[in-house]
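*Asks:* Take a look at this one; I'll ask things after.
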Amino acid sequence: MAELNTGGGSGDGKKVRSKKSNPGVDLTAMVDLAFLLITFFMLTTTLSKPQSMPLAMPDKNPKDQVIDRTPIPEDRMMTILIGKDNKILWYMGILKTPRIQPTEAAFGKDGIRREILKNTAYAKKFTDKADEGLIVNIKASDAASYKNLVDILDEMAINKVQLYAIGDITPEEVTLLKDKGLY
């Protein structure tokens, strides 16, 4: 690529100057190195792993096995019904004779979080053990979104509710949601 001018010139006594040419740079090695580095980093890095919430679910019982039905104290039982349009209906006790009547709430610190905290303090009045508190039964309707269910599970983690379950919604609860315009 380099050129050397060794000619004597035209013979008129002038100094012979070589032509200045722009040197060419071969980028083949640099491109190869760049692709090798890109390939190396693509293979050695890990993409963000999906985050999941630990959720313990019971095993499916065979039909011939007897299910242990431990009675739940109604004073410690809170049921949360998830309806449409990011609305929640909750009550304490059982639906036929609730300790606290069904009440509508929204998501967030001024909504369901405040109610969970109040009901946790209410439930601790009815137990003598320090580790026992509120028991929450979460029931999502067909009109509820998956995001709302995840938000309620996040509220359980934020409020440190130790006992909660995801249950099936009953026809009576669906009727209640329809009466309140949440289904």
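Just so you know, all these numbers are worked out from the coordinates, no wet-lab data involved. Keep in mind that what you see is a predicted model, and the values were worked out from it rather than measured. Glycine gets a Cβ as well: all are built from the backbone with ideal geometry, and neighbour counts include every protein chain shown.
*Asks:* Apply the Karplus parameterisation 6.51 cos²θ - 1.76 cosθ + 1.60, with θ equal to phi minus 60°, to every residue of the stretch 17-29 and state each ³J(HN,Hα) to the nearest whole Hz, in sequence, with x for glycine and proline.
*Replies:* 10, 7, 6, 8, 10, 6, x, x, 10, 8, 9, 4, 5
*Asks:* Okay, moving on. Take the Cα gyration tensor of the stretch 74-179, multiply each eigenvalue by 5, square-root it, and list the three semi-axes largest first, rounded to whole angstrom.
*Replies:* Largest first, the stretch 74-179 gives 21, 16, 11 Å.
*Asks:* Can you list residues whose amide H is under 5 Å from Val136's amide H, if they're 5+ apart or on another chain and H is modeled 1.01 Å from N?
*Replies:* Amide H to amide H, under 5 Å and 5 or more residues apart or across chains, Val136 pairs with Met78, Leu163, Tyr164, Ala165.
*Asks:* Would you kindly state how much longer the chain becomes between Asp151 and Lys178 on full extension, computed as 0.36 nm times their sequence separation minus their alpha carbon distance, in nm to one decimal?
*Replies:* 7.5 nm
*Asks:* Turning to a different aspect of this structure: For the stretch 136-149, what does the Karplus curve 6.51 cos²θ - 1.76 cosθ + 1.60, with θ = phi - 60°, yield as ³J(HN,Hα) per residue in whole Hz, taken in order and with x for Gly and Pro?
*Replies:* Karplus-based 3J(HN,Hα) across the stretch 136-149 equals 10, 10, 9, 10, 9, 7, 5, 7, 6, 9, 5, 4, 5, 5 Hz.
*Asks:* Ranked highest first by the average count of other Cβ atoms within 10 Å around their residues, in what order do 17-29, 94-106, 110-122 fall?
*Replies:* 110-122, 94-106, 17-29
*Asks:* Next question. Considering only the stretch 74-179, what is the antiparallel percent among its DSSP beta bridges, to the nearest 5?
*Replies:* 50
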